[in-house]
Structures are given as structure tokens and as C-alpha cells.
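The values are calculated or read from the model by the stated rules, or taken from the named source; none is laboratory data. Not measured: the values here are computed from a predicted model. Positions of Cβ are generated from backbone atoms using ideal geometry, with glycine treated the same way; all protein chains shown enter the neighbour counts. Note: accessible area is taken over every heavy atom of the protein model, side chains too, but ligands, DNA and RNA are not part of it. Shrake-Rupley method; radii C 1.70, N 1.55, O 1.52, S 1.80 Å.
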Amino acid sequence: MLDRTLRGLLGMHPRAVVTPRADRPWRVPTATSAVVVGGGIAGVSAALVLAERGVRVTLLEGAGQLGGRLAAWPVTLPDGTVQQVEHGFHGFFRQYYTWRSVLRRIDPELGFLRPLPGYPVISRAWPAEDFASLPGLPPVNLLALLARSPSLRLRDLRRVDRRAAATLLEFDRTRTYAQLDGVTAAELLDRLGMPDRARAMLFEVFGHSFFNREESFSAAELLAQFHFYFLGNPEGLGMDVTADDHGSSVWAPLGGLLARLGVDVRTGTAVDRLDRTAAGWRAVPSGGSTVDAGHAVLAVDPDALRRLAAASDGLPAPLLTRIAGLTVSAPYAVARFWTDRPVQADRPAFSGVSREPTLDSITVYSRLEDGARQWAGRTGGEVVELHAYAADDGLTATGAAGRMWTELGGLWPEAAGLRVLHRETRVGHDAPGFPPGSDGSRPGVRTGDPTLLLAGDWVRLPFASALMERAATTGVLAANDVLTRARAEPVTTVRPRGLLAR
């Protein structure tokens, strides 16, 4: 009761961005059609909402499976067993209102998600700190952080720049970006003047989670994400993880639902170009037949979009300029190891890592997902995945895996004695960049042509959102723009402004 009262007084409750009109019909006229390019969270969210409303949808995905950066695919281990491998760890935060609404189509109770009990930040220099146990409600969570965290004591606040610190609580989408989008996150953190330990354990680990280096990451974007994850929602930093791999838990059920709704899903079908036609758009794949539709939703990563736009005909000229300015972040590296023995029993399933040259997080998948857990139970080994969120340019997958494994041994000494039975490694270059000054030219969902929409975790939104939630939200908003003659899909987000915003 007290919690509900505080939420009401502080305005800490989900806010409706789109409220459907009850007088609109559920389904569109039968002639409405759309081609969705990209089968990640954004593209599937758009395709699902469109198909539910009666739109004839064709979904084209270049990879062999749905999922984008949430995808999973099989690999065969030396012992002959088949295991699912993913792009990396993903936390399903509880303020992912739109993404969770999409997922409730396959499981109304979200029973395939399990709470992650904790996720400490560990370092060779300082004792571990776990922020998952903080209260969810701002500003109680901030006060608890000050009371509990040895990284930031009350006496340290005397040395912190109060004006810079106030920006954390004053988030306003228009004012914050006008003032700070041209500033780097590194410059803002320098201004704050926090103790080095607080900067490392609280802010650097958080910032790296967006795959961007501090020196090339917009300070406004950092503040928006701090608001979205910590100071603008009543759920706080609590997150859930899938009970099994993302393919089994998410994409197989969503793919089945799309098929039942009549969506023509074509994986392994990369689109070379998009041409304007008298009736709408024609998607031209590198293999297979062309697709004609009245609307097009482009839900691919920035690099793929730049290539597609450059080869296409009929896109609005201002949009081409905006697309040309999109960037990707620093490369990220993922390495999964199957070992002969387990790590210590008290090691957490997920840990953030502070101030290692390469390693940013550790996931013990055999303590998270059923498939990995069964392999570990059968063999007596462990399944450990290591991530570098903002790796060095030019780092190879093999080099990243070797460096991260060595750094793991410095943090968890028992890892140095494990024998690696198999290793899967990769380096990705498809996470979006948010460099200083990019917000004003970043394209939004709308493109200037009402039949052409954009969706993805890089698309500009007028409110704070990030990662999986940003992808799902833009996908739904793109679908809503097609559904002008039918009932829109609701969209909800966190409190739009900071507690001290004027």
C-alpha cells in the first residue's frame, strides 16, 4: 500500500504513449499489404501487430533464423551433442513494457522468463557490488545506493560537481539533448568529479552495456539510459532471463505465431534493394522472388540500412542524408566455452566486470538455461560465456577469446585450471553508435513518406528507451503508422522526465 502511494505521489508508473481508439475497427481493409525487411525484435514486432490486424505481411530476413542480436543457432560439440549458441547475454528488464506485451502473445504469464537473483559488478581492484538488490522505486533506490555502496559515500558527494550531478535527476528529452548531446559521456563523467572507484563500478560498467566507448558516446544518451533503467521507472534494475536459449524460448514460438497469422516468413533472404512503385514498394532479394507491397518497414542494423538505401530507388532525399550519417558502435566480442569442470559453486550466473582490458561481463549459462544446464549435468563441466561490449578496433574473435579467458582467470582463479573442451567465438560490428551530436540528424520511425517506416534500436524516439525495448517500441510504432484505418497497438513507457526536471 505504501509503495503504491509513493508511486502515485512521485508519478512513477507506466505512461501511455499510444492509446488505441475504441471506435476504430480491429482489422484493416483486405488489400493492405506490407513488406518487413529484418527479422529481429523490431521487424517481428512490426510484422506481428500488422498481421493481427489483417495486413498481408511478408517478412524477409537475411540470416538463417529470426532474432537479430537476440538470435540462437545450433553448433555440434566434439562429443557429438548439439547445443544452442546465442549472440550474447540479454536481460529482460521489467520496464520493457512494449517488448513484454509482444512476448505475452506467446505466453500470457511470461512463464519462460525467470528472475535473475543478482548481478554483481566485480573487479580485481575492489570488492564486488551487487545493484540488483536495490529498491526499485526512485529516489529510494538512489538513497539506498548512497547508503550501501562503498564506491560512493556521502562524504564523497562534497567533491562531486553538484550542477553536473543534478542532470541525472533532471532528464528532459528536449532540454537534455539540446544541452548535452554535443558532449561526450567521458566529458560529463569528468565534470561529475566522482571518486575513481564510483566512476568505474557505477558508470563505466553501465555505459559499456550500450556497446559505446565513453569518448564516443553522447552524454545525453547516457543520461537518457540512466533515467530509463534507474531513475524513471518503479521496477528498478530487476531483470529476468529466459529459461532456455532464445531460439527455443522466444523465436520458435514467435515464428509459429507468425505462421498461424499468415505471415510469409523468408529467412536466408537478404534484400539487395528497395524500389518505389506506383502501388508502393518492391523488395528485391539477392535470391528468390521479388515482393511487392503497399508499405515497407525497414528494420535492419545501421550498416545494412546504409547499404540498402544506397542501392535503392525512390527513397526521400532527406532520409538518405540521415541514413548516411548513421554509425555503428565499437565492435563487441562474444566467446562461449564448454569446460571439463565447473567454476566455484558460489559464482553468480551473471557478473559485470570493471576495469579489465577486454572483459566486460561473465555469464555462467549452465546456471541459467536448461539446455546448457543439462549438458553440464551430464558431463560434469560448465558453460561459460564472456563478453566484451566495446572492444578494440581490429580485435579478432580468436584474440578476444584468448584475452577474455586470461582475464577471467585473474578474477576467478579456478578458471585458470579448467580444460576447454570446445569454444565458439565471434566479433560483431552491428550495434548502433550514438556519437555526440548525432541525435538531431538521427532518423525516426517516420521517413517523410507515409508508406515507408523505420524500426530498430538505433531509431530516434521522443522519449527514453533502449536496446530490446527500443527495438520493439519502434517496430510497434511503425506498424501503427500502417494501421491508420484500424485500431492501433498500445505503447507504454517509463516516466518521461526526471524527478527534478523543471
So ASP370 and ALA243, fully extended at 0.36 nm per residue minus their Cα-Cα distance, gain in nm 45.1 nm
Considering only the other residues whose Cβ falls under 15 Å of the Cβ of ARG175, what net charge follows from Lys and Arg at +1 and Asp and Glu at -1? -1
For segment 204-353, the charge dipole (Cβ of Lys, Arg +1; Cβ of Asp, Glu -1; about the Cα centre) points to a positive end, and the Cα of LEU223, ALA259, SER248 closest to that extreme belongs to ALA259
By the mean-Cβ-within-10 Å protection proxy, highest first, 294-306, 330-342, 468-480, 413-425 rank as 468-480, 294-306, 330-342, 413-425
For GLY118, the net charge from surrounding residues (Cβ-Cβ under 14 Å; K, R +1; D, E -1) works out to 0
Over what distance in Å are the Cα centres of segment 201-224 and segment 178-196 separated? 10 Å
If the chain between THR30 and ALA501 were fully extended at 0.36 nm per residue, the gain over the current Cα-Cα distance would be 164.9 nm
So with the 1.4 Å probe, I'd like the accessible area per residue for the chain, rounded to whole Å². 39 Å²
Let me check I've understood the local charge: for VAL353, count other residues with C-beta under 11 angstrom from its C-beta, Lys and Arg +1, Asp and Glu -1. What total comes out? -2
Segment 372-478: projected area of the alpha-carbon convex hull, averaged over directions, in nm²: 10.5 nm²
Per-residue counts of other Cβ atoms within 10 Å, averaged by peptide: what ranking do you get for 77-84, 445-452, highest first? 445-452, 77-84
R0 = 22 Å: FRET efficiency of ASP392 with ARG426, Cβ-based, nearest 0.05? 0.90
Rank GLY440, ALA455, GLY409 by how far each Cα sits towards the positive end of the charge dipole of segment 407-502 (+1 on Lys, Arg Cβ; -1 on Asp, Glu Cβ) and give me just the farthest. GLY440
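Which of rounded, prolate, oblate describes segment 134-243, given a ≥ b ≥ c as roots of the alpha-carbon gyration tensor eigenvalues and a/c under 1.5 marking rounded, otherwise prolate only if a/b is larger than b/c? Kindly include the intermediate steps, with their values, before the conclusion.
Numbers: a/c = 1.39, a/b = 1.10, b/c = 1.27.
Rounded.
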When a/c is below 1.5 the answer is rounded, else prolate if a/b is larger than b/c, else oblate, so apply that to the chain with a ≥ b ≥ c taken from the square roots of the Cα gyration tensor eigenvalues. oblate
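Restricting to Cα pairs below 8 Å that are 6+ residues apart, what does the relative contact order work out to for the chain? Please round to a whole percent. Don't jump to the answer; show the numbers that get you there.
Numbers: 1099 pairs, mean separation 131.7, N = 502.
Relative contact order comes out at 26 percent.
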Size of the dipole of the chain about the Cα centre, Lys and Arg at +1 and Asp and Glu at -1 on the beta carbon, nothing else charged, in debye to 20? 1400 debye
Just the number, please: carbon plus sulfur as a percent of the accessible area of the chain, 1.4 Å probe, no ligands or DNA/RNA counted. 54 percent
Set the Förster radius R0 to 56 Å, insert the Cβ-Cβ distance between THR484 and ARG341 as r into 1/(1 + (r/R0)^6), and round the FRET efficiency to 0.05. 0.40
